[in-house]
Amino acid sequence: MDKIDKFNEEEVSFGWDITQYPRRKQIADQLKPFKQLFDAICDFLTKHDKWLNSMIGSYNPEDIDNDVGYAFRSNISSTL
């Protein structure tokens with residue numbers, strides 16, 4: 001969606017007609033669950049690496065539990 005917006009900005013700056021993308025919203029809506037899953041996985045993997053490779057006691061176990069629970073809930077709700 002950002003690329004399309006940038007293309008449209010360039011078209012405006014050159015004085016061209018703005019290109020219409022009629023299926024843009026429909027496609028973005030269909031891809032939204034996959035994007036959410038991807039973001040949750042990336043966030044989890046980043047935190048997982050820190051959790052395993054940091055000194056014991058550096059992280060609050062409740063925060064880890066909340067982060068893991070959030071990742072699980074966001075993935076379950078996006079697949080339903």
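Report whether or not Leu52 is in contact with a Ser or Thr (Cβ under 7 Å, 6 or more places away or on another chain) and of a type in the set (A, V, I, L, M, F, W, C). So Leu52 does not fit the description; no.
If only residues of segment 2-23 that are surrounded by 11 or more Cβ atoms within 10 Å (Cβ to Cβ) and touching a residue at least 12 places away in the same chain (Cβ under 8 Å) are counted, the one that is farthest from Ser74 (Cα to Cα) is Phe7. Does segment 58-75 contain at least one residue that is out of contact with any strand residue (DSSP E or B) (no Cβ under 8 Å at 6 or more places or on another chain), hydrophobic (A, V, I, L, M, F, W, C) and surrounded by fewer than 12 Cβ atoms within 10 Å (Cβ to Cβ)? Within segment 58-75, not a single residue is out of contact with any strand residue (DSSP E or B) (no Cβ under 8 Å at 6 or more places or on another chain), hydrophobic (A, V, I, L, M, F, W, C) and surrounded by fewer than 12 Cβ atoms within 10 Å (Cβ to Cβ). Being in a helix (DSSP H, G or I), under 30 Å from Asn8 (Cα atoms) and in contact (Cβ under 8 Å) with a residue 12 or more places away in the chain holds for only one residue in Gln26, Gln36, Gln30, and it is Gln36.
Is it the case, given these coordinates, that Leu52 is of a type in the set (A, V, I, L, M) and surrounded by 12 or more Cβ atoms within 10 Å (Cβ to Cβ)? Answer is no for this residue.
None of the figures in this text is laboratory data; all of them are computed from the coordinates on show. Only a predicted model underlies this, so the values are computations on that prediction, with no experimental measurement involved. Cβ: placed from backbone, ideal geometry, glycine included. Neighbour counts: every protein chain shown.
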